[in-house]
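What follows draws every value from the coordinates through simple rules; no lab data is involved. Being a predicted model, the structure only gives us computed values, none of them experimental. Every residue, glycine as well, gets a Cβ built from its backbone with ideal geometry; the counts of neighbours run over all protein chains shown.
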Amino acid sequence: MKQFTYTITDPVGIHARPAGLLVKAIKGLDSTVTIAKADGKSAVGTKLMALMGLGIKQGETVTVTVEGGAEDANFAAMEQFFKDNL
């Protein structure tokens, strides 16, 4: 299991478009990816409505957990995705 924290910089947070891109990116991996907010709420990264339901806004910090499969490669891919898109 590998984790990193990331502070969302997208002006509108994780809304429909970036959430859709995130789900698509995660579905291409062989790891389980979980996104968690500081308040304890979390969602599996392949569940679009659950991700949007977290209501993640700009400036909030999330913890991303990558577990199973090719963890190292998938961890690096997720870190890069967050930097590039969120």
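Evaluate the relative contact order of the chain (contact order divided by residue number), counting alpha-carbon pairs under 8 angstrom at least 6 apart; express in whole percent. Intermediate values should be presented prior to the final figure.
Working: 152 pairs, mean separation 38.5, N = 86.
Relative contact order for the chain comes out at 45 percent.
Assuming R0 = 22 Å, what is the FRET efficiency of ASP30 and GLN80, from their Cβ-Cβ distance, to the nearest 0.05? Kindly include the intermediate steps, with their values, before the conclusion.
Values: r = 17 Å, r/R0 = 0.77.
In this case the efficiency is close to 0.85.
Give me the dipole magnitude in Debye, nearest 20, for the chain about the Cα centre, with unit charges on the beta carbon: positive for Lys and Arg, negative for Asp and Glu. Kindly include the intermediate steps, with their values, before the conclusion.
Values: 9 positive and 9 negative charges, 66 e Å.
In debye, rounded to 20, the chain gives about 320.
From the P(r) of the chain, can you give the percent of Cα pairs sitting at distances over 22 Å?
Values: 462 of 3655 pairs.
Summing the P(r) of the chain above 22 Å gives 13 percent of all pairs.
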Could you list the residues of region 35-53 with an amide nitrogen less than 11 Å from a label point located 7 Å from the Cα of ASP10 in the Cα-to-C-beta direction? 52
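Okay, helix-only estimate at 222 nm for the chain: each DSSP H run of n ≥ 4 adds -39500 (n - 2.57), divide by all residues, round to 500 deg cm²/dmol; what do you get?
Working: 3 runs with 33 residues, N = 86.
Roughly -11500 deg cm²/dmol at 222 nm, from the helical runs in the chain.
Please work out how much length the chain gains when fully extended from THR61 to ALA38, using 0.36 nm per residue of separation minus the C-alpha to C-alpha distance, in nm with one decimal. Don't skip to the end; give the middle numbers.
Working: separation 23, 0.36 × 23 = 8.28 nm, distance 0.69 nm.
Length gained between THR61 and ALA38: 7.6 nm.
List LEU48, LEU54 from most exposed to least, where exposure is judged by having the fewest other Cβ atoms within 10 Å.
The most exposed by this proxy come first: LEU48, LEU54.
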Aspartates and glutamates with Cα under 20 Å of LYS83, excluding same-chain neighbours fewer than 8 positions away: ASP10, GLU60, GLU67, GLU71, ASP72
